[in-house]
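Q: Quick one: the structure is below, questions incoming.
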Amino acid sequence: MDTEPEWKITMAALKQTLLSLSVSLSYFCIGLVRGYSAPAVPSMNEINPGLLPSKNIASWVSSIPPFGALFGSLVAFPLMHKIGRKYTVMLTSPVWVAAWILIATAEDWRVLLIARMLSGFGAGLTLPSAQIYVSECSDPKIRGVIGSLPALSMSAGILVIYVLGKYVVWRTLAWVCCGVAVFLFIAVISFPQSPVWLKTKKRYEKAHNSAKWLHLQGFTFDPRAQEIQKAVNNGTTVEKKEKPFSKDALYRREVLLPLAIGLALLSIQQLSGIDAVIFFTVEIFRSAGSSLDGHLATIIVGAVQVLSNFAALFVVDRAGRKPLLITSGVIMSIAMASMGAAFHLNSIGNTNFGYLPVASLIVFMVGFSIGFGCIPFLLMGELFPTAQRSLLSSLAGSFNLLVMFIVIKTYHPLEDIITTSGTFWMYSILCAVGVVFVITVVPETKGRDLESIHKLFEKSSPKSDSVEAGSKQGHDNPAMSSEDEIVPYGEFRKVDTKL
């Protein structure tokens, strides 16, 4: 009798991990988009010197994907709501295929610009939808590990594009990326829809089958409970259900507070300077006077990020979200301060610290990867209420991409205004501010189910522990009904039918 539960737990972990790995291919594709310009632009200038007629055009081709992703993330909301998380992720595959084909066959910089923006649009579609899909299909005990796989896949995509770019010309590189996008569609198509999304669409039988296939712990569904509760509701006065995206539903404390925390964490993630480092790694090393080859340094930094993200998988559910965010912010702040010192020493003619830039960026990547690289996205699936999760995640993803675009485009102007050392010291200060924010505001969600997490943001009142307050909870969230309350990530709790 003891072997059956063990088999179920094993199958649950196996199926949920396979789903996460398959869906995380979309984040791998985001990594390919983000890292493509670093090796491709030099290759274009060498093989097709007239393709990018100026540095300004080359800069726009490199940095335009986040701008396209901003719109993609906004479009993700209605798609996630209407067709579900799974099909929104799958839709990114043909978008990327079209973008990479345009890039691979481009003979004019305008085509490249449009194609790069289209590739960014695909990244914006999948950024919120993939993370939510994975989170809603994971048990609370392993959702930290499962939910961190997308961030690991993104860093792996960046590293792969860096390595391939050293040996493959830009057109061939685009065709390889196109092949990965095709494989994404094939990998995801066989998995079930999110049980949480199916529940909100009142597709109860499919929700039951989906959760059963995934072996989500605690899943029970009693159709009789619906009929009993419906009869009770017909005989009693109940509050009118509000639409999940109405003004009254959105302007509630339990919606606005998680959104504010999510936006702040995503801002800190970008204002740490991470994408300035990723997009301009070779340039940074050369201007810092590092004795290490710029391309080799790029690969080293990318490899460190992958290894650090992999290591984070083993601690995210043990150490908790909040301690990792604090540790991450402290490490990043120190590393950025060290990077600023390296540039300052080089500006005054002291070249005795040739390895300080690479050491600083390696430490920065370690710090970023164990906390701010993955946990803000993980918290999007934990903090945002179920009924509004698609909208809030779409808004948060768009905001994140907007800040990313601003950070990338302001890096060079900031260098001119406050010097390169000053720019990195500014990033250091912003990381320190992020640490203070995490300590004072961000709640710990380790080991908590969604219901208890959402209660953290509800306004406390004397009635909160009463039976009456408990009976109203299903009406506070339009996507939940009192007869089959949503519990962690797609599970359904059987209600007490003794009235």
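Please treat every number below as a calculation from the coordinates, not as lab data. Fair warning: this is a prediction, and the values are worked out from it, not measured in the lab. Cβ: placed from backbone, ideal geometry, glycine included. Neighbour counts: every protein chain shown.
Q: Would you kindly compute the Cα radius of gyration of segment 13-129 and its largest Cα-Cα separation (Dmax), both in Å?
A: My reading of the Cα-based Rg and Dmax gives 15.5, 52 Å.
Q: In cubic angstrom, how much convex hull volume per residue do the alpha carbon atoms of segment 303-366 span?
A: 63 Å³
Q: Using only the Cα atoms, work out Rg/Rh for segment 358-407, with Rh taken as the Kirkwood radius, to two decimals.
A: 1.11
Q: A follow-up question, please. Sort 98-104, 136-142 by packing, meaning the average of other beta carbons within 10 Å per residue, with the highest value first.
A: Highest mean packing first, the order is 136-142, 98-104.
Q: Continuing with the same structure: How large are Rg and Dmax for segment 90-133 when calculated on the C-alpha trace, in angstrom?
A: 11.4, 38
Q: Pairs LYS86/LYS409; LYS82/LYS409; LYS206/LYS322; LYS141/LYS212; LYS15/LYS206: which are spaced more than 26 Å apart, C-alpha to C-alpha?
A: Going by Cα-Cα distance, LYS86/LYS409; LYS82/LYS409; LYS206/LYS322 fall outside the 26 Å limit.
Q: What FRET efficiency do you get for ILE83 and ASP416 if R0 is 41 Å and r is their Cβ-Cβ distance, rounded to the nearest 0.05?
A: According to the calculation, E is roughly 0.35.
Q: For the ranges 37-45, 390-398, 163-171, what's the packing order if you count other beta-carbon atoms within 10 Å of each residue, average per peptide, and put the highest first?
A: Put in order of decreasing packing, that is 390-398, 37-45, 163-171.
Q: What number does segment 320-445 give for Rg over Rh if you use C-alpha atoms and the Kirkwood radius?
A: With Rh from the inverse mean 1/r over Cα pairs, Rg/Rh is 1.05.
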